[in-house]
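Have a look at the structure below, then the notes.
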Amino acid sequence: MEKDRQSLWGSIGRASLQPSPPVSGRELAGAAAGFAILTALLTYPQLARLHSHVGIHYDALFSIWRLAWFAHQLPRDPLHLFNGNIFFPELNTLALSDAVLLPALFAAPLLWLGISPVVAYNLVVLASFVAAGVAAYFLARSLGASALGAWAGGVVFAFHPYRFAHYAQLELLWSCWIPLAFWALHRAIETHRVRYALWLGLFVALQAYSCLYYAVFLVTALVVMAVLLSVRSGGELLQLFKGAVIALVVAVALIAPYAIPYRQGHTGTGGRALEDLERWSPTAANYAFAQTGNWLYPNPPGDVDPFEKVLFPGAVAVLLASIGLMRAPRRLAVAYGVLLIVAFDLSLGLNGIGYRWLYEFVWPYRQLRVPGRFFVILALALSVLAALGLTTLRGSRRGVALAGLLVVLAVIENASRSFYLQPVPQTPRLYGWLARQPTAPLFEWPAPRTDALGLTQDPRYMYFSIRHWQPLVNGYSGLHPKAYMTFIERMHSFPASDAIAYLKQYGVRYVILHSHPDEKQYASAVTALRQNAQLSRLFSENTGFEQITVYLLEPE
């Protein structure tokens, strides 16, 4: 019995992992196929509903609009790519949130071929899981993990509950460049070769073009890791400094054009207030909550945000990472263990120790609302430690069997008993009619209230605008322009004469009324507008879901 136990676990001392040979293209292709199968299973029935269903959140429709706007505008007027058709007459409206330019670039050829924006969006979403799994697998293999251990690392990084909680938020799914940046950092430190510093700068830039939140967090994590991994002799430190400068120059050169609209775009919004940061800072207790519908674990309590404050890392991931901390080579265990602690603290925002300092002194952190998203770095550290930990169990048949079982359990504990999707609204015919009308600003009603921006129909209006691309006064994004906030304040009295006068002053020509979500309010507004000589009814449609009417507001 004792002999079997020793053969299974080995000694508690450090394991000596052998460096893996370069990962072949065939191995990576096999890993990609495997992660694609897992993605299809864990997101079921998404693959069967590519054309009709998306994740449950306003951000899904918002992201479909972002991808469609990119594909529409890029071949027509790329110099004004950031001037989205929302929040008229504001400019740089794409910079009010993450522009997701790289995922949009992946989706654009599909849209140009005539594929539905919903299908293109869902394919980009599903591809993010496969890419994250393969990238984490590649990093783990390069650090000496076995193929089975690398599979565990890929599962931990690509399929943890936090990722499923953010299934409808496209930018928060595209994290595949993070493991690749860590791979480049390891190689740059180990070899002092310029090409790996170039790769590092490139991967940081690619992460910025995929998700700005993650790019800020990635740079922070890379600085921590570079310090932890750096060799201590003066000559090697000089080589490390040279590599860091090269990586920085490459990243800055590639990101600078992208940063310009953001520096300009935030001037009319005021950025993030400290009160917002306090509201969205999770506590350590949030690490006990898995995503809604998880197979094994209960739903989060009703007072816990089911999207932003679901930070459960997975019990199997924690177990494997603990083994990695005890048995992986000390240098890697210490580095990723410290990174784990740093990521945990920063993910707590103002409830932790270090985030307030970053908010005060590092400009990008002033633009970020949700510190809990730093969990992506914690997930990366967990995945590496889990991969190395599971690799140390391969010394016997029982060890291999246990390792395989743990990978399966890691998959199972991340599965949902029911994967929550919502149908995409059918675009009414009147928006096709609107596409044939002269270009003019459009306002859709009802609009949200300034004290309840989360209760809004604006993402639907933006999704419908894909059909016509008329300038839209309405809008939904990460930040709202001050002018738009003033506008919707003035619309509280709509359809009163003062609100109509303000619409004229704003330059609005088309006004669309929706009976959803309040039919009585709609009927009252239609009656009032019928008596107003300044508006003429152009088009009306009963979609079966709601009644919609378009009015033309006569100019002065």
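The values are calculated or read from the model by the stated rules, or taken from the named source; none is laboratory data. Just so you know, these numbers come straight off a predicted model, no measurement behind them. Cβ coordinates were reconstructed from backbone atoms using ideal geometry, including for glycine residues, and neighbour counts include every protein chain displayed.
Output yes when any residue across segment 114-130 is at pLDDT below 95, on the phi > 0 side of the Ramachandran plot and not aliphatic (A, V, I, L, M), and no when none is. No, there is no match, as no residue in segment 114-130 is at pLDDT below 95, on the phi > 0 side of the Ramachandran plot and not aliphatic (A, V, I, L, M). Take the conditions (1) surrounded by fewer than 24 Cβ atoms within 10 Å (Cβ to Cβ); (2) closer than 24 Å to LEU50 by Cβ; (3) in contact (Cβ under 8 Å) with a residue 40 or more places away in the chain; SER142 misses just one of them, which is (2).
Taking the listed residues VAL216, VAL231, VAL252, the one that is at pLDDT below 90 and out of contact with any Ser or Thr (no Cβ under 9 Å at 6 or more places or on another chain) is VAL231, with no other qualifying. Taking the criterion of being of a type in the set (Val, Ile, Thr) and touching a residue at least 24 places away in the same chain (Cβ under 8 Å), the residues of segment 525-556 that qualify are THR543, ILE548, THR549, VAL550. Considering ILE488, ILE512, the condition of being farther than 27 Å from ARG436 by Cβ, within 38 Å of the chain's Cα centre (by Cα) and modelled with pLDDT of 95 or more is satisfied by ILE488 alone. Put simply, of LEU346, LEU339, LEU325 the only residue that is part of a helix (DSSP H, G or I), more than 23 Å from the chain's Cα centre (by Cα), at pLDDT 90 or above and not polar (S, T, N, Q) is LEU325.
Of the listed requirements (1) buried (at least 18 other Cβ atoms within 10 Å of the Cβ); (2) more than 30 Å from ASN294 (Cα to Cα); (3) at pLDDT below 95, GLU190 misses just one: (1). Taking the numbered list (1) out of contact with any Asp or Glu (no Cβ under 9 Å at 6 or more places or on another chain); (2) farther than 17 Å from ARG272 by Cβ in turn, TYR365 passes all entries but (2).
One residue stands out among those in segment 115-130 that are closer than 19 Å to PHE464 by Cβ and without any contact (Cβ under 8 Å) to a residue 60 or more places away in the chain: the one that is surrounded by the most Cβ atoms within 10 Å (Cβ to Cβ), which is ALA120.
This table checks each residue for (1) modelled with pLDDT of 95 or more; (2) out of contact with any Leu (no Cβ under 6 Å at 6 or more places or on another chain); (3) within 25 Å of GLU308 (Cα to Cα); (4) among the charged types (D, E, K, R).
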residue: ALA36; (1), (2), (3), (4): yes, yes, no, no
residue: LEU74; (1), (2), (3), (4): yes, yes, no, no
residue: LEU79; (1), (2), (3), (4): no, yes, no, no
residue: ALA95; (1), (2), (3), (4): no, yes, yes, no
residue: PRO109; (1), (2), (3), (4): yes, yes, no, no
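Being at pLDDT below 90, within 19 Å of PHE82 (Cβ to Cβ) and of a type in the set (Phe, Trp, Tyr) is a property that TYR297 lacks. Looking across segment 66-79, just one residue is surrounded by fewer than 24 Cβ atoms within 10 Å (Cβ to Cβ) and touching a residue at least 60 places away in the same chain (Cβ under 8 Å), and that is HIS72.
Residues in segment 38-48 that are in a helix (DSSP H, G or I) and buried (at least 16 other Cβ atoms within 10 Å of the Cβ): LEU38, THR39, ALA40, LEU42, GLN46. If I filter segment 375-391 for residues that are under 20 Å from ASP276 (Cβ atoms) and in a loop (DSSP other than H, G, I, E, B), do I get at least one hit? Checked segment 375-391: no residue is under 20 Å from ASP276 (Cβ atoms) and in a loop (DSSP other than H, G, I, E, B). The condition of being among the hydrophobic types (A, V, I, L, M, F, W, C) and over 25 Å from GLY372 (Cβ atoms) holds for only one of TRP151, TRP177, that being TRP151.
Restricting attention to segment 281-313, the residues that are more than 14 Å from ALA165 (Cβ to Cβ) and surrounded by 18 or more Cβ atoms within 10 Å (Cβ to Cβ) total 1.
Only one entry in VAL376, VAL424 is β-branched (Val, Ile, Thr), outside the structural domain of TYR476 (by TED's automatic domain parsing) and farther than 19 Å from VAL310 by Cβ, namely VAL424.
Which of the residues that make up segment 408-434 are of a type in the set (Lys, Arg) and either out of contact with any strand residue (DSSP E or B) (no Cβ under 7 Å at 6 or more places or on another chain) or within 16 Å of GLY154 (Cβ to Cβ) (or both)? Residue satisfying the conditions is ARG417 alone. Taking every residue in segment 357-378 that is in contact (Cβ under 8 Å) with a residue 24 or more places away in the chain and pairing it with any residue that is assigned to a helix (DSSP H, G or I) and of a type in the set (Lys, Arg), at least 6 positions away or on another chain, the pairs with Cβ-Cβ distances below 8 Å are TYR359/ARG366. Name every residue in segment 540-556 that is out of contact with any Ser or Thr (no Cβ under 8 Å at 6 or more places or on another chain), within 18 Å of PRO425 (Cα to Cα) and surrounded by 16 or more Cβ atoms within 10 Å (Cβ to Cβ), in order of residue number. Listed by number, the list holds a single entry, THR543.
When PHE106, PHE35, PHE82, PHE87 are checked against the criterion of being in a helix (DSSP H, G or I), touching a helix residue (DSSP H, G or I) at 6+ places or on another chain (Cβ under 8 Å) and buried (at least 21 other Cβ atoms within 10 Å of the Cβ), a single residue qualifies: PHE35.
Being touching a His at 6+ places or on another chain (Cβ under 6 Å) and farther than 30 Å from GLU554 by Cα is true for just one of LEU350, LEU421. Which residue is that? Selected residue: LEU421, the only one of LEU350, LEU421 that is touching a His at 6+ places or on another chain (Cβ under 6 Å) and farther than 30 Å from GLU554 by Cα. Of the set (1) within 25 Å of ALA68 (Cα to Cα); (2) of a type in the set (A, V, I, L, M, F, W, C); (3) in contact with a Phe, Trp or Tyr (Cβ under 9 Å, 6 or more places away or on another chain); (4) at pLDDT below 95, all apply to PHE539 but (1).
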